[in-house]
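What follows is a short report on a single structure.
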Amino acid sequence: MPQSAVVIGAGITGSLVAHALASRGWSVTVVEARHVGAGSSSRTAAGIRQQFSTVETVLGMQYSVAFYKDFVERVGGTQVPIVQNGYLFLLAMQEEVESARQRVAMQQALGLGVELLEGAALSARFPWVSREAVLAGTHCPTDGFLHPATVYNEAMAAAQRLGAVLYQNAPVTGAEHVGERLVSVTTPRGRFAADLFVDATNAWTPRLASVLGATPLPVAPLKRYLWFIERAGAMSRESLLGMPLTITPSGAYCRPENAESMLVGWAHDAPAEVEFADEDQDRVDEAFSHRSGTDSMAFSAWAAVAEAIPSVEEFAGITATTAGYYATTPDHNPFLGFDPQVKNLVRLVGFSGHGAMFGPFSALVATTLAESGRAVSHVSSVNGDIPVGAFAIGRTYGHAERLVI
């Protein structure tokens, strides 16, 4: 029987969970520390792919892609939020090609339309890729990227149409327990009681856990940057606009932001910033700013992309630097499950840069947990059962997700 739930956090995960629970008849309250989409959801590169090395994630992201394709029918609004330009992982070493061959075989066995392109086949499909720097690539045409604001704004609006109540500027400052169960949370906007609570705060989860008396999870908030480079030179507007999200052999990646601008990102070693302030999301350290000169990480990322895609070297210049936080786990897989210490608290955190694409699948897991009232080994979708053991809280960190950007 549907009950009441408090969802903490109103990014993509929280908004989709609120909508999913409300559509099943739950009485839903959403409390958000700032405003809808104020966290990482509005600062993401917004890629969505099914090319993962973890079986559970491949299956889960197939569900997410199907959900986003049917978003208008499932949720509402007028814009489909997924752009299916594909994902292209470029490979420069023969051992990487052999590893990719095994990975593609696994993905194909799960029904994913992905292929390994080598040599001339890669050049024929993507002539802008360097033949000197790249040996092969794996390509899935149904991957792509998202319009995040469409997702969280439309999902929250749809949840509200179904009766969900949203409180913004309402950070959780206290909690009341009875035994091992959470009874209510306190915010500047009031006290909210419920039968179920959902932690959808991702990079903010370490500090929320201490307020809720929840299990400390190994989730490390890491600063990440994006740069925007203006198109010029030989690459046409059409070529840029149709480009898949491309991951170069160096790990630098790019995708079209629009017909005149390319988004570029590149992971780097960074210390965990557990105590970051909300304002720190937009803090651009000098070493990563495009305004700091050609020795900055911004220009190194541009050069890394240009090595694999030579025409990018002709682009006009970097126009902006943005920043946000990944919430990274030891194996780069998220935690999706009931908290071991607070029995009616669902944790949906630690997405390691994949929160936007996980959103629909996270909502499916959350509603399955909510309605079962206990831990589950799998969730059911129209395409069959999807195991969730790789995302369990308290798991041993055996297989780490290898495809992380």
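The values are calculated or read from the model by the stated rules, or taken from the named source; none is laboratory data. Being a predicted model, the structure only gives us computed values, none of them experimental. Positions of Cβ are generated from backbone atoms using ideal geometry, with glycine treated the same way; all protein chains shown enter the neighbour counts. Accessible surface areas use protein heavy atoms only, side chains included; no ligands, DNA or RNA. Shrake-Rupley method; radii C 1.70, N 1.55, O 1.52, S 1.80 Å.
Taking only the Cα atoms of region 284-339, the ratio Rg/Rh comes out at 1.18, with Rh defined as the Kirkwood radius. With the whole protein complex present, His35 retains an accessible surface near 90 Å², based on a 1.4 Å probe. With a simple spin-label model that places each label point 7 Å from the Cα along the Cα-to-Cβ direction, the separation between His268 and Gln79 comes to 3.0 nm. Between helix 12-23 and the chain there is an angle of about 50 degrees, using the helix long axis and the longest principal axis of the Cα atoms.
For Arg34, the residues whose modelled amide H falls within less than 5 Å of its own, excluding neighbours fewer than 5 places apart on the same chain, are Asn169, Ala170. Here is the size of region 81-193 from its Cα atoms: Rg then Dmax, 23.8, 65 Å.
Once you divide the Cα radius of gyration of region 140-289 by 2.2 N^0.38 Å, the number left is 1.39. Taking θ as phi - 60° and the Karplus parameters 6.51, -1.76 and 1.60, the scalar couplings of region 193-202 work out to 9, 6, 8, 9, 10, 10, 8, 10, 9, 6 Hz in sequence order, x denoting glycine and proline.
State the volume of the convex hull built on the alpha-carbon positions of region 298-402, expressed per residue in Å³ and rounded to an integer.
Working: hull volume 17.2 nm³, N = 105.
Per residue, the Cα convex hull of region 298-402 comes to 163 Å³.
If you roll a 1.4 Å probe over the chain with all protein chains in place, what percent of the accessible area is carbon or sulfur? Reported share for carbon and sulfur atoms: 51 percent. In terms of packing, defined here as the mean over residues of other Cβ atoms within 10 angstrom, the peptides 132-142, 180-190, 93-103, 55-65 line up highest first as 55-65, 132-142, 180-190, 93-103.
Using a Förster distance of 60 angstrom, determine the FRET efficiency expected from the C-beta separation of Asn383 and Ser292, and round it to 0.05. Please list the in-between numbers first.
Working: r = 48 Å, r/R0 = 0.79.
According to the calculation, E is roughly 0.80.
Working from label points 7 Å from Cα in the Cα-to-Cβ sense, the Glu98 to Asp285 distance is 3.7 nm. For the chain, take the longest principal axis of its alpha carbons; what is the angle in degrees between that and the long axis of helix 355-372, to the nearest 10 within 0 to 90? Roughly 30 degrees between the two axes.
Summarising the amide proton neighbourhood of Ala92: residues at separation of 5 or more, or on other chains, whose placed amide H is nearer than 5 Å comprise Leu135. Compared with the dominant principal axis of the Cα atoms in the chain, helix 148-161 is inclined by about 20°.
How would you rank 43-51, 235-243, highest first, on the average number of other Cβ atoms within 10 Å across their residues?
Numbers: 43-51: 23.4, 235-243: 15.0.
Ranking, from highest mean packing down: 43-51, 235-243.
Phi angles across region 44-49 convert, under the Karplus curve 6.51 cos²θ - 1.76 cosθ + 1.60 with θ = phi - 60°, into 3J(HN,Hα) values of 8, 5, 6, x, 9, 9 Hz, Gly and Pro given as x.
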